[in-house]
Amino acid sequence: MTDHLVWIAVGAGACVAIAVVAAVWMLTHRRAPRIASPEEAADAAERALAGFDTQGAVVGTDGTGALAIDRGGRVAVMTRAGKGIAVREVAWTALRSTAAGILIDTGERRPGQVLVSGVDALDVRRLAPADLRRLVPEPRRA
């Protein structure tokens, strides 16, 4: 091989290496998809949970978490799982209000704790059935 062909081969190899590194970076650093709307969250909850009849749903401001409540007082929490939406039914007592939003502990390794950012207790109260008192146990006093 002549000197010119060696340099062309080195340049082509470098271009291929850069393209591979760029492709790997794009695949590992792509932005996670969002839960687009309360309607999308409600639809996912109704498909995943038997007999779930959504009364209201809310999506966090960052789109990574959502919450739906059905007419019977059941609570569903949702997160993105790849291209789909992972849905878990949780008890009312799993919901906690924080400064960042509503934090839900699913009690499972995956999805674990889900933050529905930008949502407060008043937003959840608006979604809940009118007879919420019967659904949430009173705290025990020591």
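The values are calculated or read from the model by the stated rules, or taken from the named source; none is laboratory data. These numbers were taken from a predicted model, which means no experiment stands behind them. So basically every Cβ, Gly included, is an ideal-geometry build from the backbone, and we count neighbours across all protein chains shown. Side chains are part of the model used for accessible areas, which takes the heavy atoms of the whole protein and leaves out ligands, DNA and RNA. Shrake-Rupley method; radii C 1.70, N 1.55, O 1.52, S 1.80 Å.
Between Leu27 and Trp92, what length in nm is gained on full extension when 0.36 nm per residue of separation is reduced by their alpha carbon distance?
Between Leu27 and Trp92, full extension yields 19.7 nm more.
Among rounded, prolate and oblate, which fits segment 13-79 when a ≥ b ≥ c are the square roots of the eigenvalues of its C-alpha gyration tensor, a/c under 1.5 means rounded, and a/b larger than b/c means prolate?
prolate
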Practice problem: Would you kindly derive the ³J(HN,Hα) couplings of segment 3-15 from the backbone phi angles with the Karplus curve 6.51 cos²θ - 1.76 cosθ + 1.60 (θ = phi - 60°), listing them in order in whole Hz, with x for Gly and Pro? | Solution: 4, 5, 5, 5, 5, 5, 5, 5, x, 5, x, 5, 5
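If you rank Ser97, Ser117 by how much accessible surface each has, with a 1.4 Å probe, what is the order from largest down? Display every interim value, and only then the final one.
Numbers: Ser97 80, Ser117 15 Å².
Listed by decreasing accessible area, they come as Ser97, Ser117.
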Practice problem: Scan (i) 15.7, 47; (ii) 31.8, 97; (iii) 23.3, 89 for the value of Rg and Dmax of the Cα atoms in Å calculated from this model and give just the label. | Solution: (iii)
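Remind me, relative contact order of the chain in percent, using alpha carbon pairs under 8 angstrom and six or more residues apart? Let's see the in-between values first.
Values: 216 pairs, mean separation 24.8, N = 142.
Relative contact order here is 17 percent.
Under a point-charge model restricted to the Cβ atoms of Lys and Arg (+1) and Asp and Glu (-1), what is the dipole moment magnitude of segment 1-128 relative to its Cα centre, in debye to the nearest 20? Before the final figure, lay out each step's value.
Working: 14 positive and 13 negative charges, 32 e Å.
Here the size comes out at about 160 debye.
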